[in-house]
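Undergrad: Have a look at this one before I ask anything.
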Amino acid sequence: MKKGVFRAWIEMRPWIWSFLGAAIVWLLIAGVVQGRGAGATLSIALQFSTFYVVVGIGQMIVITAGPGNIDLSIPSVMTLAAYLAMGIMQGQDPGLLPGIAVALGVGLGAGLINIILTQGLRIPPMVGTLAAGFVLQSIAIAYSRGSTAKPAPTLLNFAGARVLGIPIISVLFILVAVAVAVALRRTVWGRSVLAVGQNRRAAHLAGIRVSRTIALAYLLSALLASVAGLLLAGYSGGASLNMAEEYLLISIAVVVLGGTSIAGGSAIVPGVWGASILLYLIVTMLNVMRVSAGLRLVITGLIIIAVLAVAKSRARA
Amino acid sequence: MSSSKTKVVNSNNSAPEQASQIENLIVEGWKAIVIDAASDTALNGVIKEATDAGIVVVVFDALATAPSAYKVAYNYVSMGQQEADFVAKRLNGKGNVLEIRGVAGTSVDNDISNAFWVAQQILAGEKVPMTIELPLPVIEQSDFDAWLKVLPPGGVATPVYGQEWTAEVIDANAEHKPLPKSPRGAGVSAFS
Amino acid sequence: MMGVVSEAAEQQEVSPAVRAPDRPIRVAIRPNEIQKFDFVVRTGDIVGLAGLGGHGQRDLLQRIFAASHTVNRSSDIRVDGTVAYVSGDRQLEGIFPLSSVGENTTIGLLKRLTRRGLIALRREMALAEDWRTKISIRTPSVNEPILSLSGGNQQKVLVARAFATEADIVLFDDPLHGVDIGTKRELYEHVRRQAIDNGRCFVWYTIENHELVNCDRVYVFYRGQITDEIERAELTEERVIRSSFQSSSATESEAAQEQRPIAAGLREDHLRVLLPAVALILMLAATFLLQPHAMSYLGLRLVFNFAIPLIFAAMAQLCIIAASDIDLGLGSYISLVNCITAQFLAESPLIGGGLLLLCIVGYVAMGALVHLRNLPSIVVTLGASFVWLGFALLILPTPGGTAPQWLNSVLHWQPPYVPLPILLAIVTAIVCHLLLMRTSYGVVLRGLGGNIKSIKRAGWSVVVARMTLYGAAGVLGVFAGLALTGLNTTGDANVGGQYTLNSIAAVIIGGGEFFGGVVFPIGAVIASLILLLAGSLLLFLNVSTDWQLAVQGVILILVLGLRRFIRRKER
């Protein structure tokens, strides 16, 4: 009887696996480095995982809106927002607020483009956001010629600041994650996204404004991507054209590994955090074990597939 | 010699992209193509096509291993060796060194003009060896002091070497003579 | 059975106020091709839509639903009041399978439950509980998942949802189909109470003629037209059945109309490939004008050389997309093939060949994994992309190796009259088209993407079909890698990356769709040529290569936007 209750408890919380995995990997790291720097590893893992989480939350909302919905423009939005923001900031504090405004403006603009393409022109999101991403990346490439601007000092400090070893941006985005989870459960829009994701036709017939609901998802994803780009460039000390290369695959991986269904309709917010930390720690562990680049990639890939295959999979509709 | 038509294309580090571009440039009928290679080896095929078509190919900065292309570069092995020696000396032979490998070379502008000029020399019929080694830039503290006075924060100082100096370098390579020293304190162009 | 009608009529309470002749109109439809009179529904009316299934009743319901959401005053249908829709196909149109009973009940009126922007959970629970008891939904609590309920009770939840919204007009789309008789009787009573007590009006489509006793008025449909209007007093089964088969002059045009979709369907297929074909021709014309050298044998060969690997990559991606999956690891796979070829195939062909075979097996295994464990291909291939790239780096940590001489010769072969890339494009297009579109197994394979049930019914193994498609993709990926190696003459672990997104773009521009098994090999080949030519055109036009990506994006948008526009025009 107890076993059934325990199993039900676990099933209710698919994000458990990612945190469990992260804990195991961290222990392995601690073992290899014999305890030295294990705490620092966790601190740095939180720092870098936060960037994954920011885009992961956006991608999660889009994926939740239903099968076929995905945002492939995330890396380009990050890059362009970073470049334009750095260009405005020019390494000076007076440029901080205008720079942030510009970055958010890029997010807003990109979100609107995605909305027009996917909801207005009804282009399949995989292609529409991909095309939008191409265009934005081109703009970033053109803008980047002769640009070596740096972030405002306040942004630089903020992006890397820590309290008791915990990065401030991590705390911030734990709160954001909580807010998103609450929104999904207790706002009309949040419930609408979940409904649309489960059964688009039924949602329409129940009176939900499907297009509007999905549109807001894409807008949020683009805004979060622009924030991620801003913070990443702030932390790294500048923007570069391939700064967000890995984020396309990572944004999808952390969503699915965290337990959110790719078919939509169910969003597992804590899982995004768990999976982000897990992925980052895997790479750290392999680095610490002095594994070559090639082997590192193979193992990372196999772990992703294994976690996916082992965790409970939802039945295909 | 300096009034020839030129065109610059960028492949953003994608080798197949660059290969396609080279094919298109062959179609356009350029006499010489100067390449900052996106891959050591993946361009060898198209480079051969270009040289087969009678085009002069000069590779600089990031090199390609194609045998028919002229190569203009620093001796990176020697450069790395000297840098490592410097660090070891400073550490007195003790301590751990973390090597972070990244994108090689930022003085691309300089290399580009060198390579263009080499290509023009070849087209004009001058005898130029297949591999041209550039002398490593030597920077002294006094150079630093001078530049720091002029540069804004975040600025980049790039020394510019003239064509006569490049001609000396080519000759030195051709005749297997020691390379001339890189000119010191040469005109600095600074960007921010 | 129809004797029941008169008994029920005697049992009806008829509140005079509710039956007042001038009570407000909720739905008014002016005479049109469906009905020759004014279709009017007033408050408290229960109007039935009868006739054989699928003869236009549902269309009417959906027109009323759509009209309630638009503000179009000039159209011939006017809806005055809020509308709720109860569907009979609860799986397709009704329930939210991952949500609870309570959530399914309240989804239509969430705005009313919010306080300061957040939904008041306790009020929501109370409301759901309330309706649970009112309609006797049999479940221990409203927090139970909806799928734990019996079919009949799930249907009750849908009705509760509609009632809970307190909409003025309730549209019933054969909602009690397959529900047990006891539940039905309870619901009939509820409907009557709602109409009499609350003035709610109902437009009720049912294919069970005996349900029509609940209606004040019945309209019978035949071939999209209303052929009869029967008041309850005159309602008999014979009359309903007779009117269900009544011919009218409109049926000839109906027959003619039925032909049109088939013709349009064919046209749409051709149009999908025609669009990229026309684009390619226009681009070739532009190229010829800009750069006459390009239109020679040598020129075309140079311009389209690198289309060869892209064409094979596009075909590989096509196989995966035909199964309604996607392959995000194709680029890394091609890099791996490139590295194996450059490192082993020249010196140790057996090892090289063996490794390539292993790669193909890997793809087949991936297909099996995706199917048997029901995993999303997007993440499995994503993980695989790391694995392929990792192995590529293990084999060639730094670029190097040499392609075997025979491969170089093949890729640099100059056939007479037609440049190699064009020749390969034509041959690949034709072969893939024949294999996938004209053989019976090809049809089966494409069915994986859209019609799995019919494949199973025909006796084909779905697992084997998927493994075949993935295996084909693996083989085509090997061809792509071989071609790339032959062109580059060496290996580099980073050369393949772009083929992932480019192959997807080629399949989609070529007319394909992500779901449904809709793919066009010929279109994909044409699209591959377009993508290469676009790059060349940009170069010839001296457009900064910074904008290369943007142009690709714009091509994608234009093609798909145009496709949507054409489809809309055909409706």
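The values are calculated or read from the model by the stated rules, or taken from the named source; none is laboratory data. Bear in mind that the values here come from a model prediction, so they are computed numbers and not experimental data. Counting neighbours? That spans all protein chains shown, and the Cβs are built from the backbone with ideal geometry, glycine included.
Undergrad: Any residue at all in region A:91-109 that's within 14 Å of A:Ala228 (Cα to Cα), outside any helix (DSSP H, G or I) and either aliphatic (A, V, I, L, M) or touching a Phe, Trp or Tyr at 6+ places or on another chain (Cβ under 9 Å) (or both)?
TA: No, every residue in region A:91-109 fails to be within 14 Å of A:Ala228 (Cα to Cα), outside any helix (DSSP H, G or I) and either aliphatic (A, V, I, L, M) or touching a Phe, Trp or Tyr at 6+ places or on another chain (Cβ under 9 Å) (or both).
Undergrad: Within the bounds of region A:270-279, is there any residue that is part of a helix (DSSP H, G or I), within 8 Å of chain C (Cβ to nearest Cβ) and closer than 19 Å to C:Ser332 by Cβ?
TA: no
Undergrad: Going through C:Glu231, C:Glu186 one at a time, which residue ends up being touching a Lys or Arg at 6+ places or on another chain (Cβ under 7 Å), over 17 Å from C:His55 (Cβ atoms) and surrounded by fewer than 20 Cβ atoms within 10 Å (Cβ to Cβ)? Can you show your working first?
TA: On the way: C:Glu186 fails: touching a Lys or Arg at 6+ places or on another chain (Cβ under 7 Å).
Of the residues listed, the single one that is touching a Lys or Arg at 6+ places or on another chain (Cβ under 7 Å), over 17 Å from C:His55 (Cβ atoms) and surrounded by fewer than 20 Cβ atoms within 10 Å (Cβ to Cβ) is C:Glu231.
Undergrad: Let me ask something else. Which residue is surrounded by the most Cβ atoms within 10 Å (Cβ to Cβ), if the candidates are limited to region A:126-140 and must be facing chain C (nearest Cβ under 9 Å) and under 19 Å from C:Val507 (Cα atoms)?
TA: Only one residue fits best here, namely A:Ala132.
Residue by residue, here is whether (1) surrounded by 17 or more Cβ atoms within 10 Å (Cβ to Cβ); (2) within 14 Å of the chain's Cα centre (by Cα); (3) among the acidic types (Asp, Glu); (4) closer than 29 Å to A:Arg185 by Cβ holds:
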| residue | (1), (2), (3), (4) |
| --- | --- |
| A:Ile10 | no, no, no, yes |
| A:Arg36 | no, no, no, no |
| A:Gly68 | no, no, no, yes |
| A:Ile74 | yes, yes, no, yes |
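Undergrad: Please give the number of the condition A:Ser192 fails out of (1) assigned to a helix (DSSP H, G or I); (2) away from chain C (no Cβ under 14 Å); (3) among the polar types (S, T, N, Q).
TA: All conditions pass for A:Ser192, except number (2).
Undergrad: Considering (1) within 11 Å of another protein chain (Cβ to nearest Cβ); (2) in a helix (DSSP H, G or I); (3) over 15 Å from the mean Cα position of the chain (by Cα); (4) crowded, with 24+ Cβ neighbours inside 10 Å, say which one A:Val255 fails and leave the rest.
TA: The one condition A:Val255 does not meet is (3).
Undergrad: Out of the residues in region C:84-95 that are within 8 Å of another protein chain (Cβ to nearest Cβ) and crowded, with 22+ Cβ neighbours inside 10 Å, which is farthest from C:His177 (Cα to Cα)?
TA: C:Ala84
Undergrad: Against the condition closer than 30 Å to C:Asp173 by Cα, β-branched (Val, Ile, Thr) and more than 10 Å from chain C (Cβ to nearest Cβ), how does A:Val180 come out, does it pass? Outline the logic, then answer.
TA: Values: closer than 30 Å to C:Asp173 by Cα: no; β-branched (Val, Ile, Thr): yes; more than 10 Å from chain C (Cβ to nearest Cβ): yes.
No; evaluated as a whole, the condition is false for this residue.
Undergrad: State whether one or more residues within region A:214-227 are more than 30 Å from A:Ile139 (Cβ to Cβ), within 18 Å of the chain's Cα centre (by Cα) and not small (Gly, Ala, Ser).
TA: Looking through region A:214-227, none of the residues is more than 30 Å from A:Ile139 (Cβ to Cβ), within 18 Å of the chain's Cα centre (by Cα) and not small (Gly, Ala, Ser).
Undergrad: Now for a different question. May I ask you to verify whether A:Leu219 is under 24 Å from C:Ile119 (Cβ atoms), outside any strand (DSSP E or B) and either more than 14 Å from every other protein chain (Cβ to nearest Cβ) or among the polar types (S, T, N, Q) (or both)?
TA: The answer is yes for A:Leu219.
Undergrad: State all residues of region B:10-24 that are over 17 Å from the mean Cα position of the chain (by Cα), at the interface with another protein chain (Cβ under 8 Å from one of its Cβ atoms) and under 19 Å from B:Leu63 (Cα atoms); if no residue qualifies, say none. Break it down stepwise before answering.
TA: The initial filter retains those residues of region B:10-24 that are over 17 Å from the mean Cα position of the chain (by Cα), namely B:11-12, B:14-24.
Pick out the ones that are also at the interface with another protein chain (Cβ under 8 Å from one of its Cβ atoms) and you get B:11-12, B:14-17, B:19-21, B:23-24.
Answer for region B:10-24, where residues must be over 17 Å from the mean Cα position of the chain (by Cα), at the interface with another protein chain (Cβ under 8 Å from one of its Cβ atoms) and under 19 Å from B:Leu63 (Cα atoms): B:Ser11, B:Asn12, B:Ser14, B:Ala15, B:Pro16, B:Glu17, B:Ala19, B:Ser20, B:Gln21, B:Glu23.
Residue-by-condition table, conditions (1) over 30 Å from C:Leu110 (Cβ atoms); (2) assigned to a helix (DSSP H, G or I); (3) assigned by TED's automatic domain parsing to the domain that holds C:Pro31:
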{"residue": "C:Lys156", "(1), (2), (3)": "no, yes, no"}
{"residue": "C:Gly182", "(1), (2), (3)": "yes, yes, yes"}
{"residue": "C:Val191", "(1), (2), (3)": "no, yes, yes"}
{"residue": "C:Gln194", "(1), (2), (3)": "no, yes, yes"}
{"residue": "C:Val213", "(1), (2), (3)": "yes, yes, yes"}
{"residue": "C:Ile226", "(1), (2), (3)": "yes, no, yes"}
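Undergrad: Can we say A:Ile116 is within 11 Å of another protein chain (Cβ to nearest Cβ), crowded, with 20+ Cβ neighbours inside 10 Å and either more than 19 Å from the chain's Cα centre (by Cα) or not hydrophobic (A, V, I, L, M, F, W, C) (or both)?
TA: So A:Ile116 does not fit the description; no.
Undergrad: Checking the structure you have, find out if any residue of region C:356-376 is out of contact with any Cys (no Cβ under 8 Å at 6 or more places or on another chain), within 8 Å of another protein chain (Cβ to nearest Cβ), surrounded by 21 or more Cβ atoms within 10 Å (Cβ to Cβ) and of a type outside the set (Phe, Trp, Tyr).
TA: Yes.
Undergrad: Moving on. Being within 13 Å of another protein chain (Cβ to nearest Cβ) and touching a strand residue (DSSP E or B) at 6+ places or on another chain (Cβ under 9 Å) is the filter here; which residues of region A:141-177 pass it?
TA: If the condition is that a residue be within 13 Å of another protein chain (Cβ to nearest Cβ) and touching a strand residue (DSSP E or B) at 6+ places or on another chain (Cβ under 9 Å), then A:Gly146, A:Thr148 are the ones that fit.
Undergrad: Follow-up. Residues C:Val525, C:Val507, C:Val495: which one is buried (at least 24 other Cβ atoms within 10 Å of the Cβ) and under 20 Å from the mean Cα position of the chain (by Cα)?
TA: C:Val507
Undergrad: Please specify each residue of region C:234-246 satisfying the condition of being farther than 18 Å from C:His55 by Cα and either buried (at least 19 other Cβ atoms within 10 Å of the Cβ) or not acidic (Asp, Glu) (or both).
TA: Matches in region C:234-246: C:Leu235, C:Thr236.
Undergrad: Moving on. Filter region B:47-69 for residues that are touching a Leu at 6+ places or on another chain (Cβ under 7 Å) and either surrounded by fewer than 23 Cβ atoms within 10 Å (Cβ to Cβ) or charged (D, E, K, R) (or both) and give the result.
TA: Matches in region B:47-69: B:Val56 only.
Undergrad: Report whether or not C:Val475 is closer than 22 Å to C:Ala368 by Cα and under 28 Å from the mean Cα position of the chain (by Cα).
TA: No, not satisfied.
Undergrad: Being within 11 Å of another protein chain (Cβ to nearest Cβ) and at pLDDT below 95 is true for just one of A:Gly91, A:Gly99. Which residue is that?
TA: Values: A:Gly99 fails: within 11 Å of another protein chain (Cβ to nearest Cβ).
Just a single option satisfies the conditions, and that option is A:Gly91.
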